Amino acid sequence: RYFIDWKNDVDSYFTIDATEGTIATNELLDRESTAQYNFSIIASKVSNPLLTSKVNVIINVLDVNEFPPEISVPYETSVCENAKPGQVIQTVTAADKDLSPAGQRFSFRLSAEASNKPNFTVHDYRNNTAGIETRRNGYSRRQQELYFLPVVIEDSSYPVQSSTNTMTIRVCRCDADGTILSCNVEAIFLPVGLSTGALIAILLCIVILLVIVVLYVALRRQKKKDTLMTSKEDIRDNVIHYDDEGGGEEDTQAFDIGALRNPKVIEDNKIRRDIKPDSLRFPRQRPPVEDNTDIRDFINQRLQENDVDPTAPPYDSLATYAYEGNGSVAESLSSIDSLTTEADQDYDYLSDWGPRFKILADMFGEEESYNPDKVT
């Protein structure tokens, strides 16, 4: 019978057939974690188990090409703004986690999408190294600060493994000899000779100007609000607040009706300012009104006087009613040129306006032709 002499956990990776003595793996093996296993196998006689022998077994795990090669550090490099075409800016090498057999080679090339960009190229030296070279004359940090170059690396084992590694190339300011002077972000925006203190002073001036502008706008808005507010001293005597209740007929503070109750008060006839009078007219003398005359009769009397008086104000505009209705079939409808009585007016022209005005023609025409019973 055959069995393994269990001394440690390493022996659990393998098993052995008790009859045949065949050794087999019990778990998956990883050469990158353990490349060699060492354990003992004991053989005993079936008829006499006390008769045994022991042998030491060493198992080497063979390598399988399962990991692709990668670029060795560094993954980032720099290029000068004044670089020339064909200048080597970095030499790269590859590393493989697999146990590389003797004579294995790595190849370097650009990816398909980066081959058409005329910025950088990869030159394979055929000795497991490659050079990153420039392809144009000069680079500008203001236009583009960083370039990303995808590099494809392949090994020569079976099966072939490959990987794409991205190189970061930063544009820097250099002197005439190619020595890098500055690669930071601040140097991109600062011209040559401008220090950090000067930049801070410029920023402080900008902040102060912004504060002044904000304060000026705030003061202008506050001043505008003050001008829109109504002062208490500007309130008119006749303005009644909504929160005050009116006094009805007993409230005589809003207006004075003494002029209506005392018709003998002398009226000031002033020249109107909204029209241009043709000539200076003297105030028309009105007959005096007796005492204790009813206010309604007084108002009706003044209304009749102004209806027949063409010079009585107020006029609506410079185009007075005396000139209204020129060219109209109905002529002027103003009361200025109207006759004093309705009996003196002639409405026979209404019959010439058509059937729509027939009823008006019958009503205002001759009295013998009007019959109210016929009007519907």
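The values are calculated or read from the model by the stated rules, or taken from the named source; none is laboratory data. This is a predicted model, so every value here is computed, not measured. Heads up, the Cβs are rebuilt from the backbone with ideal geometry, glycines too, and the neighbour counts pull from every protein chain shown. Surface areas here come from the heavy atoms of the whole protein model, side chains and all, with no ligands, DNA or RNA. Shrake-Rupley method; radii C 1.70, N 1.55, O 1.52, S 1.80 Å.
When ARG141 is tested against (1) within 14 Å of ILE71 (Cα to Cα); (2) open to solvent by less than 50 Å² (accessible area, probe 1.4 Å); (3) among the basic types (Lys, Arg), just one condition goes unmet, and that condition is (1). Within region 85-118, the residues that satisfy the criterion of being closer than 18 Å to GLU70 by Cβ and among the basic types (Lys, Arg) are LYS97, ARG105, ARG109. Within region 106-126, if we keep just the residues that are under 16 Å from VAL151 (Cβ atoms) and in a loop (DSSP other than H, G, I, E, B), the residue that is least open to solvent (accessible area, probe 1.4 Å) turns out to be SER111. Residues of region 23-39 that are surrounded by fewer than 10 Cβ atoms within 10 Å (Cβ to Cβ) and in a loop (DSSP other than H, G, I, E, B): GLU27, LEU28, SER33.
Considering region 127-138, and only residues there that are part of a loop (DSSP other than H, G, I, E, B) and over 42 Å from the mean Cα position of the chain (by Cα), the residue that is surrounded by the fewest Cβ atoms within 10 Å (Cβ to Cβ) turns out to be ASN127. Mind listing just one residue for me: the one in region 81-105 that is open to solvent by 40 Å² or more (accessible area, probe 1.4 Å), touching a residue at least 24 places away in the same chain (Cβ under 8 Å) and under 24 Å from LEU29 (Cα atoms) and, of those, farthest from the chain's Cα centre (by Cα)? Ranking the qualifying residues of region 81-105, first place goes to PRO101. Screening ASN119 on (1) in the same structural domain as LEU149 (by the TED database); (2) in contact with a Phe, Trp or Tyr (Cβ under 7 Å, 6 or more places away or on another chain); (3) closer than 28 Å to SER12 by Cα shows it passes everything except condition (3).
On the given criteria, is SER78 free of Cβ contacts under 8 Å to residues at least 24 places away in the same chain and of a type in the set (Gly, Ala, Ser)? Let's see the steps before the verdict.
Numbers: free of Cβ contacts under 8 Å to residues at least 24 places away in the same chain: no; of a type in the set (Gly, Ala, Ser): yes.
Here the answer is no, as SER78 does not meet what is asked.
So, in region 40-62, how many residues would count as being farther than 30 Å from ASP96 by Cα and either open to solvent by less than 90 Å² (accessible area, probe 1.4 Å) or in contact with a Ser or Thr (Cβ under 6 Å, 6 or more places away or on another chain) (or both)? Give the derivation first.
Initially, region 40-62 is screened for residues farther than 30 Å from ASP96 by Cα, giving 40-56.
Imposing the further condition that a residue be either open to solvent by less than 90 Å² (accessible area, probe 1.4 Å) or in contact with a Ser or Thr (Cβ under 6 Å, 6 or more places away or on another chain) (or both) reduces the set to 40-44, 48-49, 52-56.
Adding up the residues that qualify gives 12.
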